[in-house]
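These notes concern the structure reproduced below.
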Amino acid sequence: IQKLQSARGRDFDRQYMMLMVEDHQKDVDLFERQSNSGSHNELKSFAAKHLPTLREHLRMAREISGQMTSDR
């Protein structure tokens, strides 16, 4: 939040998307661990079911972030 508070315009957009990539990567990592080696069957199943969606969101965030970086 502190990084974004002082940012404006395109700088804000770039920083926001970098944070989205980082957060989505953390989520994908967590869901992969849970779906592969979780001990609770319901959570394991939930993680496996939603992992493709998270991976797609990460792909889109990376794509947008990359476009913003190249648009400088």
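Brief remarks on what is shown
- Among residues of region 9-20 that are under 12 Å from GLY66 (Cα atoms) and open to solvent by less than 50 Å² (accessible area, probe 1.4 Å), those with a beta-carbon under 8 Å from a residue that is part of a helix (DSSP H, G or I) and of a type in the set (Lys, Arg) at least six positions away or on a different chain give the pairs GLN15/LYS3.
- Looking across HIS50, HIS57, one residue alone is free of Cβ contacts under 8 Å to residues at least 24 places away in the same chain, surrounded by 12 or more Cβ atoms within 10 Å (Cβ to Cβ) and in a helix (DSSP H, G or I). It is HIS50.
The values are calculated or read from the model by the stated rules, or taken from the named source; none is laboratory data. Values in this document were obtained by computation on a predicted structure and should not be read as measured data. Virtual Cβ from ideal backbone geometry, glycine too; neighbours counted across all protein chains shown. The area values use the complete protein model at the heavy-atom level, side chains included, leaving out ligands, DNA and RNA. Shrake-Rupley method; radii C 1.70, N 1.55, O 1.52, S 1.80 Å.
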